[in-house]
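Notes for the one structure printed next.
All of the numbers you see were taken from the coordinates with simple rules; none came from a lab. Values in this document were obtained by computation on a predicted structure and should not be read as measured data. As a convention, Cβ positions derive from the backbone with ideal geometry for all residues, glycine included, and neighbour counts pool all protein chains shown.
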Amino acid sequence: MPDAHGHPAHLSSVDLTQGPSAAPELLYAGDAGNFWLEDDQILVVSAGTGLSTLPQAGGPVVPVPSVKSPGNIAALDRSFVYSYTSDEFAENPPALLWRSARDGSGDEQLFSLSADELRGHSSGLLHVGDRWAVMYSAPDIVEASAWSVSLETKKGGPLPVPQEATAPIAFATLLGISDDGETLLWTYASEVRRDMGEEPYRVYSYAFAGADGSAPVPFAIKLPARTTPLAAWPAAGGSWYLATTEEHQEDHVFVTVWSVDVSGAAARIACDPTDWDDNVLGNPAGAQDHRTDRIVASGTVTAGRLLFAIRYQNGPWVVVEVDDPPTKTKTMPDGSP
């Protein structure tokens, strides 16, 4: 069954270094949305069946009938699932944030975003930490917006979005949120360069901001030119995993995973050999900005491993695994480190 975007939606396990040519082990088939790891189980959200579990080692998919929610589940912890709803048939409907007990004891509305606050956007990301729920909206990277909601007071408001004085807010993207929900990692276009080939490319800067509404603070991540960030996940000791596309050679674009330490130093720990070049995909040359293509979907970090869902061209969602530190040398397809 395809997912909401019309793509085949299987969750499979495969080593990122092997790429789509490897034979993946199919773990789940269905209209998968988000997934999480909990103990030895994979928790999968499906629009058709709600929350289901299956063993990480593979096995039967078991629905969790006690978990009910008013909308599509976008986040969870051991006690609650979190979802948001909006009446698609109403004129200028608000978006409602819900918290539903996993034992089935009831639902609670946490927050409501008005049509004016949404400005025509639909909420895209929901992350729940110890004190905050954070919603983010930038469906087409036209104008990013973010809001945080206190889980204690059930009050919230908009968050500042970083931008360069000379660059539009349109290119700001919320990459990831710390495990406790306190720190947001943003990226934004800081300049446009024309020093590699005929096509211009954007250079991205990074910033940390607080879920409490504190102003963004620049964070210098040292990456090669023509690297476009896609998503990030918190790792141990204040470091981060960062997934990007990297145009190592002109018109050859690959998904790369980096380990970024607290100083901003980045080490390439995995690279997928699939070429995402726009020419290959039939798009105009030079765009090479895949942040809206959902190449990389939801992910999670556990026991020194990063797992995330990646969608190959015209293929299913595949869960790939990256070890840090890597167990073997991982190189670019052209042999460069």
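Sorting the segments 209-216, 228-235, 188-195 by their mean number of nearby beta carbons within 10 angstrom, highest to lowest, gives 228-235, 209-216, 188-195. Taking θ as phi - 60° and the Karplus parameters 6.51, -1.76 and 1.60, the scalar couplings of the stretch 154-160 work out to 6, 10, x, x, x, 10, x Hz in sequence order, x denoting glycine and proline. Here the extension length gained between Asp180 and Ala236 equals 18.9 nm, from 0.36 nm per residue of separation less the Cα-Cα distance.
Distance between the 7 Å Cα→Cβ label points at Val61 and Glu191: 4.9 nm. A simple spin-label model places the labels of Ser214 and Asp40 4.1 nm from each other, with each point 7 Å out along Cα-to-Cβ. Modelled spin labels at Asp275 and Glu108, positioned 7 Å past Cα toward Cβ, are 5.4 nm from each other.
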